[in-house]
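Data first, discussion second: the structure below is written as structure tokens.
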Amino acid sequence: MEHAFLRIGWYTQGTDCLGPDSRFAIWVQGCRKRCKGCIAQSLQSFDGGQAISVAELAEEILKSGTDGLTISGGEPFLQADAIAILLEKVKSARHELGVIIYSGMKYEELLEDSSAQKVLDYTDLLIDGEYIQELDDNRAMRGSSNQRMIFLSSRYTAEDMPEKRKNKLIFYDDKFRMIGIPTEETKRAMSLLRKQRED
């Protein structure tokens, strides 16, 4: 799979909103969950976004000089084979790069899939489980209290994680994107912005 491609919504580099230190963040395209209150509805479609060469993306990550990589979505493990190749490339060049992955699937489910296991082999922190709007407790690093932070290596500990949610809105043309886990204040702002666009 030397010429593997990953379908992504977008990526950014140098953010501190999705884990400790400076991070390269990727939002993959495609998800089947349709969680109530999902803030990334534009990433649900499997036809959206763009297909990007894994080799090209790995080069971008390595050039960025960031301390870590966070992969969210969408559902990353629906493209597990391509992500495993990506992580193998970046970790072989920079083994100290810390990897955080968000998934709507549970860890136990992922362990039953051989492709997912290859991704987990390179993952330092997995945040698992569906977003449940009624369980959104405004805690850092996760959307709702049912989601678990599962440390798969000694690279990170709970003490390394931010104490509060961090997020940032990026505006372009007449649209916006959000980096991080939204606070209640941010969700209200996003709702207002969407309403203004519809009017």
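The values are calculated or read from the model by the stated rules, or taken from the named source; none is laboratory data. Please read these numbers as outputs of a predicted model, since none were measured by experiment. Please note: Cβ atoms are built from the backbone with ideal geometry, for glycine as well, and neighbour counts cover all protein chains shown.
Looking at the range 13-20, is at least one residue touching a strand residue (DSSP E or B) at 6+ places or on another chain (Cβ under 6 Å), farther than 18 Å from Phe176 by Cα and not in a helix (DSSP H, G or I)? Yes, the range 13-20 has at least one match.
For the range 120-139, residues that are more than 16 Å from Arg155 (Cα to Cα) and among the hydrophobic types (A, V, I, L, M, F, W, C) total 2. Within the range 101-122, not a single residue is surrounded by fewer than 21 Cβ atoms within 10 Å (Cβ to Cβ) and touching a residue at least 60 places away in the same chain (Cβ under 8 Å). Residues that are among the basic types (Lys, Arg) and more than 30 Å from Glu88 (Cβ to Cβ) number at least 2 in none of the strands (runs of 3 or more DSSP E) confined to the range 124-199. Of Leu111, Leu97, Leu78, Leu135, all but one fail to be at pLDDT 95 or above, within 23 Å of Asp16 (Cα to Cα) and not small (Gly, Ala, Ser); the exception is Leu97.
Could you pull out the residue among Ala58, Ala40 that is modelled with pLDDT of 95 or more and among the small types (Gly, Ala, Ser)? Result of the check over Ala58, Ala40: Ala58. Only a single criterion out of (1) more than 22 Å from Tyr11 (Cβ to Cβ); (2) surrounded by 14 or more Cβ atoms within 10 Å (Cβ to Cβ) is not satisfied by Met178, namely (1). Inspection of the range 65-88 finds no residue satisfying the criterion of being surrounded by fewer than 18 Cβ atoms within 10 Å (Cβ to Cβ), hydroxyl-bearing (Ser, Thr, Tyr) and not in a strand (DSSP E or B).
The number of residues in the range 34-64 being outside any helix (DSSP H, G or I), closer than 30 Å to Glu134 by Cβ and touching a residue at least 24 places away in the same chain (Cβ under 8 Å) comes to 10. Residues in the range 89-123 that are more than 16 Å from Glu59 (Cα to Cα), out of contact with any Cys (no Cβ under 7 Å at 6 or more places or on another chain), in a loop (DSSP other than H, G, I, E, B) and not charged (D, E, K, R): Ser103, Met105, Leu111, Tyr122, Thr123.
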